[in-house]
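**Student:** Here you go, one structure.
Readers should treat all values here as calculations from the given coordinates under stated rules, not as data from a laboratory. Only a predicted model underlies this, so the values are computations on that prediction, with no experimental measurement involved. No Cβ is skipped: glycine too gets one built from the backbone with ideal geometry, and neighbour counts run over all protein chains shown.
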């Protein structure tokens with residue numbers, strides 16, 4: 001794996017996702033928010049509605065190591081269901097990396113689900129050591145889950161969610177893993193600060209296939225500035241700052 005920008009040298013997924021100090025860049029009133037996404041060369045974010053066909057070994061390693069850099073990992077209900085999310089920090093080694101970064105061993109899982117359409121047997125909700133905050137407009141609760149699962153009844157108000165995470169939960173950095181609809185709403189609300197984007201060396205096709213941002217146009221296109229570029233196994237690994 002080679003880093004091409006801002007300098008040229010050998011690198012690795014672990015190196016790219018180390019010492020990022022995302023929380024140090026947070027505004028005073030909300031966490032720093034980074035998106036982490038993968039797409040094909042023709043811009044498709046899934047193959048057969050899952051990211052598995054786009055991600056190689058290097059991207060999967062980067063994916064899990066980026067989770068060692070944030071206080072919370074945010075994801076939409078659709079992505080949680082399709083990808084069958086489980087415990088976010090998969091190994092003791094990754095938990096030690098979080099400790100070395102000054103973070104708790106387990107990130108807070110923030111699941112955004114307007115209608116609370118979440119299956120009780122989802123591994124993420126059945127893991128007693130994984131703290132989960134479900135953000136929903138529903139007054140119901142998911143049956144058969146433990147007290148590690150909490151609720152925030154803010155509905156679709158993402159500004160209020162971010163203020164709650166910062167003020168009430170001490171969250172200074174959020175890594176959002178999609179899906180496209182949640183990405184759209186975060187971008188439309190001006191809440192995204194940077195993007196980690198893996199460009200898989202594949203063409204997927206499909207006029208109605210998912211892209212990393214839901215189909216409705218943003219009122220104002222979001223400008224990006226490339227801050228890091230690496231290559232490995234034919235794939236490109238990019239990092240972008242959002243221009244204000």
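**Student:** Angle between the Cα long axis of helix 57-66 and the longest principal axis of the chain, 0 to 90 degrees, nearest 10?
**Tutor:** The two axes meet at around 50 degrees.
**Student:** Any chance you could run the full-extension gain for residue 100 through residue 227? It's 0.36 nm times the residue separation minus the Cα-Cα distance, nm to one decimal.
**Tutor:** Answer, rounded to one decimal: 43.3 nm.
**Student:** Top mean-square fluctuation among 109, 45, 204, Gaussian network model of the chain, C-alpha springs under 10 Å?
**Tutor:** Checking each option, the largest mean-square fluctuation is seen for 204.
**Student:** Then there is this: Compute a Gaussian network model of the chain, connecting alpha carbons closer than 10 Å, and tell me which residue from 231, 140, 194 fluctuates the most.
**Tutor:** Maximum among the listed residues: 140.
**Student:** Let me check against my output: what whole-number percent is the relative contact order of the chain, with C-alpha pairs under 8 Å and at least 6 apart?
**Tutor:** That works out to 29 percent.
**Student:** How far is helix 158-169 tilted, in degrees, relative to the longest principal axis of the Cα atoms in the chain, given as a value from 0 to 90 rounded to the nearest 10?
**Tutor:** Tilt of helix 158-169: around 80 degrees.
**Student:** In addition: Full extension from residue 81 to residue 167: what is 0.36 nm times the residue separation minus their Cα-Cα distance, to one decimal in nm?
**Tutor:** 28.1 nm
**Student:** How many nm is it between the label spots at residue 207 and residue 5, if each spot is 7 Å from the Cα in line with the beta carbon?
**Tutor:** 3.4
**Student:** What's the center-to-center distance, using Cα atoms, between the range 20-72 and the range 89-148 in Å?
**Tutor:** Comparing the Cα centres of the range 20-72 and the range 89-148, I get a distance of 17 Å.
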